[in-house]
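The block underneath contains the structure these notes are about, expressed in structure tokens.
Read-outs: derived from the displayed coordinates by stated rules, not from any lab. Computed from a prediction, not measured in an experiment: that's the story for all the values here. As a convention, Cβ positions derive from the backbone with ideal geometry for all residues, glycine included, and neighbour counts pool all protein chains shown.
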Amino acid sequence: MSFPQWRIAPAELFALGPVVPVIVIDDLADALPMAQALLAANVRLLEVTLRTPVALEAIALLSDALPDAVVGAGTVTTPEQLAQVQAAGAQFAISPGITEPLLAAGAAGDIALIPGVATISELMLARSHGYTHLKFFPAEAAGGVRMLQAIAGPFPDITFCPTGGIHAGNYRDYLALPNVACVGGSWILPRAAIAAKDWAAVTAAATNP
């Protein structure tokens, strides 16, 4: 389910690719070449996390410069942040958790909100507000593949993007689950490659995750 005013439905977002890069931008100068390196690997869905002081600037820059990319924000935890990322040009927002005010703001906003859950009770709260596409975080610490398998029975209408502890060695296990459409992770953005400004290495990592 999505809300009618959202520009892009969550199902469309989740279908854009199997791996959503969790992007942390410390240096604004890295934003564009990093994103272009991901686009070269056919990774179009870009989640820029609000973990650094330049995150909002990076979202605005990428949203303006890369019409082929679908740029959104991660680590959105308050209604105020949701408003800020929407104003910056984000096309979606992802939260690590849920609060009643954030769920209400997402339902009233113009961009898709993907709330984060780690428990059945949180899932039920999100669903009661109309959300059926959720982030499962922190995936490995919260039960991983076995937890998602258990959830699938009583909640067949919920689709997940697990994030947290997912890497090249286990992401296919998650993608094999019927209630998982994509996964989020940072392993396709090697820190050493970014530090060296080796954007070809980023493209290679994202092409063969």
Based on alpha-carbon centroids, what's the gap between the stretch 59-85 and the stretch 108-173 in Å, whole number please? 21 Å
Between residue 120 and residue 78, the FRET efficiency computed from the C-beta separation at R0 = 22 Å comes out, to the nearest 0.05, as 0.35
For residue 94, list long-range residues whose amide hydrogen, built 1.01 Å from N in the peptide plane, is under 5 Å from its own amide hydrogen. 73, 74, 75, 76, 114
P(r) histogram, all alpha-carbon pairs of the chain included - 10 Å bins from 0, percent: 9, 38, 37, 15, 1
Of 131, 92, 181, farthest towards positive along the dipole that unit charges on Lys, Arg, Asp, Glu beta carbons give the stretch 79-209: 181
Simple SL model, points at 7 angstrom along Cα→Cβ for residue 200 and residue 7; separation in nm is 3.5 nm
Provide the per-residue ³J(HN,Hα) series for the stretch 2-9, in order, calculated from phi with Karplus coefficients 6.51, -1.76, 1.60 and θ = phi - 60°, each as a whole number of Hz, with x at glycine and proline positions. 9, 9, x, 7, 5, 5, 10, 6
Would you work out if the stretch 119-209 is rounded, prolate or oblate? Take a ≥ b ≥ c from the square roots of the eigenvalues of the alpha-carbon gyration tensor; rounded if a/c is under 1.5, else prolate when a/b is larger than b/c, oblate otherwise. prolate
Take residue 192 and residue 175, extend 7 Å from each Cα along the Cα→Cβ direction, and tell me the distance between the two endpoints in nm. 2.4 nm
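Per-residue ellipticity at 222 nm for the chain, helices alone: DSSP H runs ≥ 4 residues times -39500 (n - 2.57), over residue total, nearest 500 deg cm²/dmol?
-11000 deg cm²/dmol
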Rounded to one decimal in nm, the spacing of the 7 Å Cα→Cβ label points at residue 26 and residue 149 is 3.9 nm
List the residues, sorted by chain then number, that are 5 or more residues from residue 185 or on another chain and whose placed amide H is less than 5 Å from its amide H. 20, 22
Under a Gaussian network model of the chain whose springs join Cα atoms within less than 10 Å, the largest fluctuation of 156, 190, 21 belongs to 156
May I ask you to compute the full-extension gain from residue 208 to residue 104, defined as 0.36 nm times their residue separation minus their alpha-carbon distance, rounded to one decimal in nm? 33.6 nm
